[in-house]
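Novice: Can you keep this structure in mind? I'll have questions shortly.
The values are calculated or read from the model by the stated rules, or taken from the named source; none is laboratory data. From a predicted model like this one, the values you see are computed outputs, not experimental measurements. Here the Cβ is made from the backbone with ideal geometry for all residues, glycine too, and neighbour counts use every protein chain on show. Just the protein is used for accessible areas: all its heavy atoms, side chains included, with ligands, DNA and RNA removed. Shrake-Rupley method; radii C 1.70, N 1.55, O 1.52, S 1.80 Å.
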Amino acid sequence: MKSILEYLAVSDTPGKTWVQSFLEVSLSCHLFPTFNKCVSYQTEDLVPVPPEQRTWGRWNYISFWITTSYNVNTWMIVSSMIQLGMSWWQAWLCVCLGYGLTTPFLILNSRPGCVHHVTFPVVARTSFGMWGCLWVTLNRGAMACIWYGVQAANGGACVLVMLRAMWPSINDIPNHLPASAGITTRDFLCFFLFSLISLPLIWFPVHTIRHFFTVKSIITPVAGIVYFAWCISKAKGLGPIVHQRATIHGSQLAWAMLTGMRSCMSDMATLIVNGPDFASRATYPSAVALPQLIAVPVGYGLVSFFGIIVSSSSQVIYGEAIWSPITLLGRFLDDEPSSATRFGVWFVSVAFVIAQVVEINVNDIIPFRVNISANSVSAGCDLTSLFPRFINIRRGGYIAAIIGFCMCPWKLLSTSNNFTTYLSAYSVFLSSVAGVMVTEYWLVRRGHYRLADLYSTRRDGWYWYIWGINPRAYAAYFSGILINVVGLVGAVGHSVPIAATHIYDVSYFTGFGVAAVVYWTINLVFPPVGKFKKFEEVDLSGGFVAGNRDMETENSVEVEEKESVEVTKQG
């Protein structure tokens, strides 16, 4: 309650009491107009993060990204590239370049969060409007719920290997479920246990779990190095994959590499969009930029290199390249392993269980990514924005877990070979969203915010646009989708022109670029209230002391309705 009063109980209208202002602010719960009778803590999940909760420093973000990169998906991501005909170093170069290229997009879209300390659903209001943002947040929240279930199912596989190392007899659990269930009793037990491990962490606020990432950043690299060295030792060398030459050349190789880089960028598409969720907890803005710029490509590059060498070694040990580290660990437990082998498998599998609980990833190949950080927190933020009267971040996280369970994710994975293709294609839509949001902050408003207007349905607010929807944003959003839609049809198995396929091979760039250019152009022709020429990261909410700073806008609209204001720096 205190944070709401501090940030939002400031009136622009003479004579309005703080109570009236607060009730107007509560209209941020716009789906439920009667919520203006309610003054409860739920809306605190949407207001700017208070200073006492801005606890993430640069080392927290570094450890966060180190832990994020260590996951099954990153371990396997080069497999599809090598199977396309690339050599190992070409595939590894694609990973380093792909994740390196995503980092600037991530930093650009995270900036409003670390400067103004607001989360993605609130940042989306600045570009799509108070009502228009609902479609964007609904899409992101729905995907978070789906992915939560899918990742919990895959996390169950990690738990199975861990339990096999402790009690081999778990493999002998009889199956009492019908074939129509799509899962055995043993696998369902492991899925249930993984859920039990995950659920307690949803209870804690985001700013309090940063030390969990620190712990993981210590355990998971150690486990990765042990696994890496162990496989080389068992194979008595690096294996044949590192000596394998590329089977494609010229333009075919170039387009294959672009496809590989697109896979990496698709892998990060959801995180780029909801980057403000975590950046909002930063102690200072610089804690976000440099750590991400370095840690993302380095972390993902190292883990994918481990995946190449381990899979190459498995070809010597078992006569086939096993790209899944969990499958390979399970093979180590066959044929009565020694106690030392069982302990090693247990330690590595525990690290993967931890990685699955907190990992953030969306992949174009196989969907292994985080549950707590990417899915439950993101779903919590998004659902809070949609139903703030009833849901906060904690409740939203548990709702995501329930939906993820009820959708029977193991059945989705077992019955649809193209499941991950359809979901990864969602990056086409997310790239358009990111293009609009980045352009809004950096080129249209140029860092200027009016935080009070983000929590008010006043018709003269910056973000009300036309009936609460910004048509400029949606014109750009659909333009970014249309440039890739034909290639998207081809990706799901239909015949399309080769040019459309090549456009889709760089779909994140085309979707983001077209949406950004269209949005910027429309705002030049039809400038909104509060469009600035000068870049300055400030909050221009009402109630500031008068000053002499020039607040010229390109459309000659006085920002504070003919009142001079003194702006205060944020961050």
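Novice: Would you mind stating whether Val39 is modelled with pLDDT of 75 or more, of a type in the set (A, V, I, L, M, F, W, C) and not in a helix (DSSP H, G or I)?
Specialist: no
Novice: Please state which one of Ile82, Ile62 is crowded, with 22+ Cβ neighbours inside 10 Å, in contact (Cβ under 8 Å) with a residue 60 or more places away in the chain, touching a helix residue (DSSP H, G or I) at 6+ places or on another chain (Cβ under 6 Å) and more than 25 Å from Thr439 (Cβ to Cβ).
Specialist: The match here is Ile82.
Novice: Assess whether Ile4 counts as being farther than 30 Å from Arg245 by Cβ, surrounded by fewer than 24 Cβ atoms within 10 Å (Cβ to Cβ) and either out of contact with any Pro (no Cβ under 9 Å at 6 or more places or on another chain) or at pLDDT below 75 (or both).
Specialist: yes
Novice: Of these, Gly100, Gly113, which one is part of a helix (DSSP H, G or I), touching a strand residue (DSSP E or B) at 6+ places or on another chain (Cβ under 8 Å) and either modelled with pLDDT of 85 or more or under 20 Å from Met265 (Cβ atoms) (or both)?
Specialist: Gly113
Novice: Can you tell me which residue among Val226, Val273, Val215 is open to solvent by 30 Å² or more (accessible area, probe 1.4 Å) and either under 30 Å from Val47 (Cα atoms) or without any contact (Cβ under 8 Å) to a residue 40 or more places away in the chain (or both)?
Specialist: Val215
Novice: Name the residues in the range 329-348 that are of a type in the set (A, V, I, L, M, F, W, C) and free of Cβ contacts under 8 Å to residues at least 60 places away in the same chain, would you?
Specialist: Residues satisfying the conditions are Phe332, Ala340.
Novice: Show me the helices (runs of 4 or more DSSP H) entirely contained within the range 391-471 in which 1 or more residues are closer than 19 Å to Val150 by Cβ and modelled with pLDDT of 85 or more.
Specialist: 427-439
Novice: Shifting gears a bit: Report yes if Ser304 is at pLDDT 90 or above and surrounded by fewer than 18 Cβ atoms within 10 Å (Cβ to Cβ), otherwise no.
Specialist: Answer is no for this residue.
Novice: Of the conditions (1) surrounded by fewer than 24 Cβ atoms within 10 Å (Cβ to Cβ); (2) aliphatic (A, V, I, L, M); (3) in contact (Cβ under 8 Å) with a residue 12 or more places away in the chain; (4) under 18 Å from Gly275 (Cα atoms), Ala142 satisfies every one except a single condition; which number is it?
Specialist: All conditions are met except number (3).
Novice: Consider Ser28 carefully, then state whether it is surrounded by fewer than 18 Cβ atoms within 10 Å (Cβ to Cβ), modelled with pLDDT under 65 and closer than 18 Å to Val122 by Cβ.
Specialist: Judged against the criteria, Ser28 is not a match.
Novice: I've got another one for you. Output the residues belonging to the range 145-184 that are part of a helix (DSSP H, G or I), open to solvent by 40 Å² or more (accessible area, probe 1.4 Å) and either under 19 Å from Thr270 (Cα atoms) or among the β-branched types (Val, Ile, Thr) (or both).
Specialist: Within the range 145-184, just Ile146 meets the criteria.
Novice: Also: Among Ser280, Ser266, Ser286, which is surrounded by fewer than 22 Cβ atoms within 10 Å (Cβ to Cβ), out of contact with any strand residue (DSSP E or B) (no Cβ under 7 Å at 6 or more places or on another chain) and either under 30 Å from Glu52 (Cα atoms) or not acidic (Asp, Glu) (or both)?
Specialist: That would be Ser286, the only listed residue that is surrounded by fewer than 22 Cβ atoms within 10 Å (Cβ to Cβ), out of contact with any strand residue (DSSP E or B) (no Cβ under 7 Å at 6 or more places or on another chain) and either under 30 Å from Glu52 (Cα atoms) or not acidic (Asp, Glu) (or both).
Novice: When residues of the range 435-489 are filtered for being among the basic types (Lys, Arg) and surrounded by fewer than 22 Cβ atoms within 10 Å (Cβ to Cβ), how many remain?
Specialist: Qualifying residue count for the region: 3.
Condition check ((1) acidic (Asp, Glu); (2) within 27 Å of the chain's Cα centre (by Cα)) across all residues:
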{"site": "Ile483", "(1), (2)": "no, yes"}
{"site": "Gly487", "(1), (2)": "no, yes"}
{"site": "Gly490", "(1), (2)": "no, yes"}
{"site": "Ile498", "(1), (2)": "no, no"}
{"site": "Ser507", "(1), (2)": "no, yes"}
{"site": "Val514", "(1), (2)": "no, yes"}
{"site": "Leu524", "(1), (2)": "no, no"}
{"site": "Gly530", "(1), (2)": "no, no"}
{"site": "Glu537", "(1), (2)": "yes, yes"}
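Novice: In the range 490-517, which residues are among the small types (Gly, Ala, Ser) and either closer than 24 Å to Ser127 by Cβ or open to solvent by 20 Å² or more (accessible area, probe 1.4 Å) (or both)?
Specialist: Within the range 490-517, Gly490, Ala491, Gly493, Ser495, Ala499, Ser507, Gly511, Gly513, Ala515, Ala516 meet the criteria.
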